[in-house]
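The values are calculated or read from the model by the stated rules, or taken from the named source; none is laboratory data. Keep in mind that this is a model prediction, so the values were computed, not measured. Backbone-built Cβ (ideal geometry, glycine too); neighbour counts: all protein chains shown.
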């Protein structure tokens, strides 16, 4: 089998690892129905219940633009899918995930060094 060597920058590597982790987490959580359920917009009360967050905290995070939201006119809405991704973005890596990321970064670094020689 032949080898394929690619060059990617650190940000692309980060995106690839995050996407791989999302797929693993999705597979781990069991089969999901990829219907429009993930595309549902939640109102403030529903978002608070989903995130287990007080309404004041949610408003504070929207004011500081720390959380993704949609605003059409006066009411606020939150994409369930965006809220899930937002929660995952703050996820602390397990030791296994950290080691995998380190291995991928080391491999990418070696590839860049080979190509620069």
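Numerical summary
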{"quantity": "Looking only at region 39-68, and only at residues there that are part of a helix (DSSP H, G or I) and touching a helix residue (DSSP H, G or I) at 6+ places or on another chain (Cβ under 7 Å), the one that is nearest to residue 88 (Cα to Cα)", "calculated": "51"}
{"quantity": "Selection status of residue 12, surrounded by 12 or more Cβ atoms within 10 Å (Cβ to Cβ), within 30 Å of residue 113 (Cβ to Cβ), within 18 Å of the chain's Cα centre (by Cα) and modelled with pLDDT under 85", "calculated": "yes"}
{"quantity": "Qualifying positions in region 27-59 - surrounded by 13 or more Cβ atoms within 10 Å (Cβ to Cβ) and at pLDDT below 80", "calculated": "38"}
{"quantity": "Residue in region 69-104 that is modelled with the highest pLDDT, counting only those that are assigned to a loop (DSSP other than H, G, I, E, B) and either closer than 22 Å to residue 24 by Cβ or in contact with a strand residue (DSSP E or B) (Cβ under 7 Å, 6 or more places away or on another chain) (or both)", "calculated": "69"}
